[in-house]
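Chemist: To start, I am sharing the structure in question, which I have written as structure tokens.
The values are calculated or read from the model by the stated rules, or taken from the named source; none is laboratory data. Owing to the predicted nature of the structure, the values given are computational and were not obtained by experimental measurement. Neighbour counts are summed over all protein chains in view; Cβ atoms, including those assigned to glycine, are modelled from backbone coordinates with ideal geometry.
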Amino acid sequence: MNKNLTISLAILAVLVIVLTAAAYMSSGPSSAPASNGASPRPGAPDAPATASAEVLVREDSRHLDQVEDAQVTVVEFLDFECEACGAQFPVMERIREDYDGRIDFVIRYFPLPGHGNSRPAAAAVEAAAQQGALEEMYARMFETQTEWGESSESQVEVFTGFAEDLDLDMEEFTAAMVSEETAERVQADFDDGVTVGVQGTPTIFVNGVQTPSMPSYEALAEMIDAELAE
């Protein structure tokens, strides 16, 4: 790595830390999730939480799978540094494979305040998405989570390396990763999550109905099949 790139990465790391702190402070104390585990909102014990489709999926929401006139939309609020999300990742990939061409699958960024690299990770995924590499960066984050997650040090250089591996335009990627627009995009997802009652990650909805915490493949498939049968 040459001297100029090293200096650029150091500056980028500082900018990401500043933007992360500013975004977290702007969300306010009331926006902070209560825990790392998804919990239903108060109500009848057997009644699953539901959420408005308009809030769950915005015009600019990121789709990993999108099917014309899909009967089922699965939405996951996730944190790339969350170990529970990492454990859920194989289940979601199996669902995507088995229901390919039949369902929409949407991810929403929900970086938890306790994870120092979760916002930079979300910003990196969003920056990659702007170059058409959403799925590749999303998968790379979870496939390598044990290598960079739970670190007290900035992992911006690691995420930049992912972008280089994906052959992205690095000038465009680094600019997008620290841009105010990207920070606002991540924060908007977080705010929508708070609005629909997300308290931790992963939190998953099937056609607006919240699933049990960390649903198994069988539980998710049963909910999807029931919606497809209607």
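Chemist: Is it the case that some residue within the stretch 34-54 is within 24 Å of residue 156 (Cα to Cα), modelled with pLDDT of 95 or more, in a loop (DSSP other than H, G, I, E, B) and not charged (D, E, K, R)?
Modeler: No, there is no match, as no residue in the stretch 34-54 is within 24 Å of residue 156 (Cα to Cα), modelled with pLDDT of 95 or more, in a loop (DSSP other than H, G, I, E, B) and not charged (D, E, K, R).
Chemist: Taking residue 230, is it surrounded by fewer than 18 Cβ atoms within 10 Å (Cβ to Cβ) and either at pLDDT below 95 or touching a His at 6+ places or on another chain (Cβ under 6 Å) (or both)?
Modeler: Yes, satisfied.
Chemist: Oh, and also: Do we have any residue at all in the stretch 193-213 that's part of a helix (DSSP H, G or I), at pLDDT 95 or above, of a type in the set (S, T, N, Q) and under 23 Å from residue 115 (Cβ atoms)?
Modeler: yes
Chemist: If you check every pair at least six apart or on different chains, which have Cβ atoms under 7 Å apart with a residue in the stretch 123-135 that is buried (at least 17 other Cβ atoms within 10 Å of the Cβ) first and a residue that is in a loop (DSSP other than H, G, I, E, B) second?
Modeler: Going by the 7 Å Cβ cut-off, the qualifying pairs are 125/80; 128/166; 128/168; 131/168; 131/169; 133/166; 133/168.
Chemist: Moving to a separate point now. Within the stretch 107-117, work out how many residues are closer than 17 Å to residue 192 by Cα and either buried (at least 18 other Cβ atoms within 10 Å of the Cβ) or in contact with a Cys (Cβ under 9 Å, 6 or more places away or on another chain) (or both).
Modeler: 6
Chemist: Considering only the stretch 59-74, state which residues are part of a loop (DSSP other than H, G, I, E, B), more than 14 Å from the chain's Cα centre (by Cα) and not β-branched (Val, Ile, Thr).
Modeler: Correct list: 59, 66, 68, 69, 70, 71.
Chemist: While we're on this one: Answer yes or no: is there a residue in the stretch 125-139 that is modelled with pLDDT of 95 or more, under 19 Å from residue 201 (Cα atoms), touching a Cys at 6+ places or on another chain (Cβ under 8 Å) and not hydroxyl-bearing (Ser, Thr, Tyr).
Modeler: no
Chemist: Name the residues in the stretch 198-218 that are among the β-branched types (Val, Ile, Thr) and surrounded by 19 or more Cβ atoms within 10 Å (Cβ to Cβ), would you?
Modeler: 198, 201, 203, 204, 206, 211 - these are the residues of the stretch 198-218 that are among the β-branched types (Val, Ile, Thr) and surrounded by 19 or more Cβ atoms within 10 Å (Cβ to Cβ).
Chemist: A further question follows. Pick out the one residue from 147, 153 that is over 12 Å from the mean Cα position of the chain (by Cα), within 15 Å of residue 81 (Cα to Cα), free of Cβ contacts under 8 Å to residues at least 40 places away in the same chain and outside any helix (DSSP H, G or I).
Modeler: Of 147, 153, the one residue that is over 12 Å from the mean Cα position of the chain (by Cα), within 15 Å of residue 81 (Cα to Cα), free of Cβ contacts under 8 Å to residues at least 40 places away in the same chain and outside any helix (DSSP H, G or I) is 153.
Chemist: Go through the stretch 214-230 and give me each residue that's assigned to a loop (DSSP other than H, G, I, E, B) and either within 21 Å of the chain's Cα centre (by Cα) or without any contact (Cβ under 8 Å) to a residue 60 or more places away in the chain (or both).
Modeler: 214, 215, 216, 229
Chemist: Out of all the residues in the stretch 84-92, is one or more assigned to a strand (DSSP E or B) and either in contact (Cβ under 8 Å) with a residue 60 or more places away in the chain or out of contact with any His (no Cβ under 6 Å at 6 or more places or on another chain) (or both)?
Modeler: no
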